[in-house]
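As structure tokens, the structure follows; a few thoughts come after it.
The values are calculated or read from the model by the stated rules, or taken from the named source; none is laboratory data. None of the values given here were measured: they were computed from a predicted structure. Quick reminder, even Gly has a Cβ in these numbers, built from the backbone with ideal geometry, and neighbours come from all protein chains shown.
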Amino acid sequence: MHAIVKTRHGLVRGRARDGVVAFKGIPYAAAPHGARRFLPPRPPTSWDGVREADAFGSAPPQRPPSPGVPAVWQPGDGLDCLTVNVWTPSQDVGASLPVLVWIYGGHWSHGASSMPHYDGSVLARSGVVVVSFNYRTGFEGFGHLPGAPDNRGLLDQLAALAWAQDNIAAFGGEPDNITVFGHSAGAASAALLAAMPAASGLFRRCILQSLPAGYLTVLEARRVTERLAAATGATPTRDGLAALPPEALLDVPDRQLTGGRPGGAFAPIVDGDLVTAAPWQALADGQARHIDLLCGFTHEESRGFPLSAPPARIDLAAAEFGLSPDAALAYHAADPGSSTAEVFTTLMSDALVRMPTTWTAEAHARAGGRTWLYDFAWRGPIGAAHGVDIPFVFGLPDTPYAARFLGSPPPADFTTLSEQIRTAWVSFAATGDPGWPPFDTELGRTRIWNATPVDAAYPLPDSRRVWSHEP
């Protein structure tokens, strides 16, 4: 079964299956190549006739995320990557369903909406219109260049959200009831968008799954560009680096670009314009208090990251994050029966994701914004690791991605917990209430997602106290 929808730039034909119509690879912006490379996104060219929307667009340029993992981008794919996808359970233009717009993570350097674990079919069958899109990653999206805007990947996201605002009614969605949801870098993107005046009116709610630390100053980003130019023999200018194909920039490893600085080579740049501060600081002034915010972390975030072996002394690890020597004692006292490795897992989970997510919830709540918090504590083969929640949210237990976190075959309790989480996400998108008490800075009420979900006080109060000196 086929379905044709009229967008602002032309007709598109999707494919229907099991009660959901999928439209894939619709341009939301012109290809950022040639004279448009490293510049803000521009509207796509309109087309005549009916455009087949049955295949995902190309991924943005990137390396494989790790050895042995298939690459989602090849040099021959080029730069024509700015496309959007829609899954809708309704062909009724007047349906006015809530809309969920997904922003993928990937440490600002990886990711694509075509990845199988981001398929929106199951989620759409829960009664929402699901949208996903590609945005530029790595240097293409977040490299600093004279004569080019910083944070081009975020500008792509703004353009994709504007496309959704303009077109989603034709797919049965409600333009005034859009929720942005994302994981990791995608969660940070959603929070930064919430704080941007440029995104005002484009969405009304946010779901932040595992918002991370790590944002760059202009000086740090400029040094990355200088190292990249030196490594490739180019001048550190837009013309100099635009003369090189994307794969030449990807050939330089991040460790060569950071100069020993912790974190990755690319991240949102605090330019004082589009990005004024880290998310928890940017939301503190209350300008986004009208946006409902649901955010959370997995209980063992660091188990999803490729970390070095734990040190013999936790105080040395704590010192790397600016914590006092007393912090190590507090970590050991909070869980006296734990091994050094287990305490290290807690510390790194706090530093990388849990505290940034918690600070973001606290900042929004203090500013008067409606806020909900969760802790995803369900443990799979590698624990309650960073990313374990994604198969549950999308209802997809059988992808290669899911097998790493769930095992194969997936456990018997997957189906029930996934249905509960999808019900909460859809309820939040529809009404602004996910089904558990709101978060406040005193009690810290938190939904604990596990085989039997419960509502409780903030689950790691000692960690919260250790990091209380932070914003």
- Query: Is it the case that the stretch 354-367 has a residue that's within 28 Å of D413 (Cα to Cα), part of a loop (DSSP other than H, G, I, E, B) and of a type in the set (V, I, T)?
  - Reply: no
- Message: So for the stretch 184-195 (the condition being at pLDDT 95 or above, hydroxyl-bearing (S, T, Y), surrounded by 24 or more Cβ atoms within 10 Å (Cβ to Cβ) and out of contact with any helix residue (DSSP H, G or I) (no Cβ under 7 Å at 6 or more places or on another chain)), does at least one residue qualify?
- Response: yes
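What residue, among those in the stretch 46-70 that are hydroxyl-bearing (S, T, Y) and either more than 16 Å from D166 (Cβ to Cβ) or in contact (Cβ under 8 Å) with a residue 60 or more places away in the chain (or both), is surrounded by the fewest Cβ atoms within 10 Å (Cβ to Cβ)?
S66
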- Note on the structure: Of the residues in the stretch 260-318 that are under 28 Å from D335 (Cα atoms) and basic (K, R), the one that is modelled with the highest pLDDT is R303
- Which numbered condition trips up R354, out of (1) charged (D, E, K, R); (2) surrounded by fewer than 23 Cβ atoms within 10 Å (Cβ to Cβ); (3) in contact with a strand residue (DSSP E or B) (Cβ under 7 Å, 6 or more places away or on another chain)? (2)
- Query: Any chance the stretch 207-223 includes a residue that's basic (K, R) and in contact with a helix residue (DSSP H, G or I) (Cβ under 8 Å, 6 or more places away or on another chain)?
  - Reply: no
- Note on the structure: Checked against (1) within 22 Å of H290 (Cβ to Cβ); (2) outside any strand (DSSP E or B), G182 satisfies every condition except (2)
- Query: Cβ-Cβ below 9 Å, separation at least six or inter-chain, first residue in the stretch 363-383 and under 20 Å from I421 (Cα atoms) and free of Cβ contacts under 8 Å to residues at least 40 places away in the same chain, second of a type in the set (A, V, I, L, M, F, W, C) and assigned to a loop (DSSP other than H, G, I, E, B): which pairs?
  - Reply: G380/V388
- Would you pick out the residues in the stretch 18-28 that are over 27 Å from the mean Cα position of the chain (by Cα) and of a type in the set (D, E, K, R)? D18
- Query: Does R136 satisfy the condition of being farther than 17 Å from R227 by Cβ, buried (at least 24 other Cβ atoms within 10 Å of the Cβ) and among the basic types (K, R)?
  - Reply: yes
- Message: When you check A112 against the structure, is it assigned to a loop (DSSP other than H, G, I, E, B), buried (at least 20 other Cβ atoms within 10 Å of the Cβ) and at pLDDT 95 or above, yes or no?
- Response: yes
- Item | Qualifying helices (runs of 4 or more DSSP H) (wholly inside the stretch 394-471; at least 3 residues being at pLDDT 95 or above and hydroxyl-bearing (S, T, Y)) | 414-431
- Working only within the stretch 143-171, note down all residues that are of a type outside the set (D, E), outside any helix (DSSP H, G or I) and at pLDDT 95 or above. G143, H144, L145, A148, P149, N151
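With a cut-off of at least 1 residues that are closer than 30 Å to R379 by Cα, name the helices (runs of 4 or more DSSP H) lying wholly within the stretch 234-338.
279-282, 314-319, 325-334
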- If you scan the stretch 229-261, which residues turn out to be closer than 24 Å to P64 by Cβ and basic (K, R)? R255, R261
- Message: Just to be sure before I move on: is P175 surrounded by fewer than 22 Cβ atoms within 10 Å (Cβ to Cβ) and closer than 30 Å to D254 by Cβ in the structure I sent?
- Response: no
- Message: Given the condition under 21 Å from L158 (Cα atoms), charged (D, E, K, R) and free of Cβ contacts under 8 Å to residues at least 40 places away in the same chain, answer yes or no: does some residue in the stretch 36-45 qualify?
- Response: yes
